[in-house]
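Here the structure is laid out as structure tokens; the discussion comes afterwards.
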Amino acid sequence: RGWMTRQLQRDLPEVPPDILETHLSLIHRRKFERARRGALEREWLTARHQLLLRGQTALQEVAEEVRKREESLQARVEIDERRSEVAGRLATLRAEKDVTLAAQREEQVVAMRVRDEEERALRDRERQKREREKREIETYRVAKKHNETLFFLTRVFGIWRSLGKMREISGFNASRVAHRLALYQSKVDSLREDKLRQEEEAAERERRLDALRSQVAPDVPDDPERVWAPTAAAQAYQESVVMGGDRETGTRKYATTNTNFYSGFTMDNLMTDTRARLAVALHEAGLDGTRAARDAM
């Protein structure tokens, strides 16, 4: 607004400011009325469009209802036509069924007669077959009895003929059995001698081992008090506790003299090693479990 005022003052310097203010208010009034008129027109157009849509929807619904009624009437007409057609077909089918049933009854009568004749012929054939099988069985029994008699006679003759050969073979087999018995007896005797010799050698070896054991056997006294007494390590641990060691952590006071010397080392001997001195220093400082202590070791 100020920019427009400056523009007008520059272009029309003879126009007073109050006239310009009036002119601007008129312009704003016209803009407001134009916008209001446009809003009213848009609202009226929207309402008209909604009314048109509502009327079109109502017309479509009426048309759909009319179409449904026409379709229902057409369907009723078609149903009536189909009912009449079905009734005619049913009458035709009933007539055809009666004719078919009569024909089937006649066919059943004829089939029963044919079946009776076939059953009668089948029974005749079965009776003839059984009679033929009886004759064949009787013939087979006679032939089997004859064959069994011939087989028995042949077997008896074969046994009588093989008895002579069996006598010759039994004599030869007796000599072979006697020879094998002699060989088996000699083998058993040799095995018995080998077993006796091995037992004597084992007894002699055991005697020599007993003599050797008696020579190197340790002279250990049978002292129950020594068996139940504490070990040297346990006794040394008790002495270290008495000397001031920690009972819970197991730390010991190392021996410094030969009077309480144990485990093969004294404190002086241990402290000659640099690693031992470094380990003791780290332990006393509380750093023995750190990574720097491991790197130092």
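Taking every protein chain into account, the accessible area of the chain amounts to 92 square angstrom per residue (probe 1.4 Å). Once the chain from ALA35 to ARG89 is taken as fully extended at 0.36 nm per residue, the excess over their C-alpha distance is 11.6 nm. If you run the Gaussian network model on the chain, springs between alpha carbon atoms under 10 Å, then out of THR139, THR154, THR274 the most flexible one is THR274.
Sort the stretch 1-140 into rounded, prolate or oblate with this rule: let a ≥ b ≥ c be the square roots of the eigenvalues of the Cα gyration tensor; rounded if a/c is under 1.5, and if a/c is not under 1.5, prolate when a/b is larger than b/c, oblate otherwise. Oblate is the answer for the stretch 1-140, as a/c is 1.5 or above yet b/c matches or exceeds a/b. The slack between VAL99 and TYR184, meaning 0.36 nm per residue of separation minus the straight C-alpha distance, is 20.1 nm.
Going 7 Å from the Cα of LEU270 in the Cα-to-Cβ direction, what parts of the stretch 219-236 have a backbone nitrogen less than 17 Å from that spot? Inside the label zone: 233-236. Exposed loop sites here mean GluC sites (Glu not before Pro) with a DSSP loop assignment and at most 10 other beta-carbon atoms within 10 Å; the chain contains its longest site-free run at 15-247.
Distance between the pseudo-spin-label points of ALA202 and GLN60 (7 Å out from Cα toward the beta carbon): 11.6 nm. Sorting SER25, SER214 by solvent-accessible area of protein heavy atoms yields SER214, SER25, largest first, with a 1.4 Å probe.
Determine the shape class of the chain: with a ≥ b ≥ c the square roots of the Cα gyration tensor eigenvalues, call it rounded for a/c under 1.5, and otherwise prolate if a/b is greater than b/c, oblate otherwise. Because a/c hits 1.5 or more and a/b fails to exceed b/c, the chain counts as oblate. For LYS134, the accessible surface of its heavy atoms amounts to roughly 140 Å² (probe 1.4 Å, protein chains only, rounded to the nearest 10). In the stretch 17-158, carbon and sulfur make up what percent of the accessible area (probe 1.4 Å)? Of the solvent-accessible surface of the stretch 17-158, carbon and sulfur hold 57 percent. Computed extension length for GLU21-VAL177: 40.2 nm, one decimal, from 0.36 nm per residue of separation with the Cα-Cα distance subtracted. Look at the Cα gyration tensor of the stretch 92-182: its axes a ≥ b ≥ c give a/c of at least 1.5 with a/b at or below b/c, and that counts as oblate. Here GLN128 and PHE157 are evaluated by their C-beta separation; at R0 = 51 Å the FRET efficiency comes out at 0.70.
Computed with a 1.4 Å probe on the full set of protein chains, the accessible area for LEU196 sits at about 90 Å². Placing pseudo-labels 7 Å out from each Cα toward the beta carbon at LEU287 and SER170 gives an inter-label distance of 11.1 nm.
In the stretch 123-230, the inverse of the mean reciprocal separation of distinct Cα atoms equals 24.3 Å; this is its Kirkwood hydrodynamic radius.
The values are calculated or read from the model by the stated rules, or taken from the named source; none is laboratory data. Because the structure is predicted, anything quoted here is derived from the model rather than measured. All Cβ positions, even for glycine, are placed from backbone atoms using ideal geometry, and neighbour counts span all protein chains on display. Just so you know, the surface numbers come from the protein's heavy atoms only, side chains and all, with ligands and any DNA or RNA stripped out. Shrake-Rupley method; radii C 1.70, N 1.55, O 1.52, S 1.80 Å.
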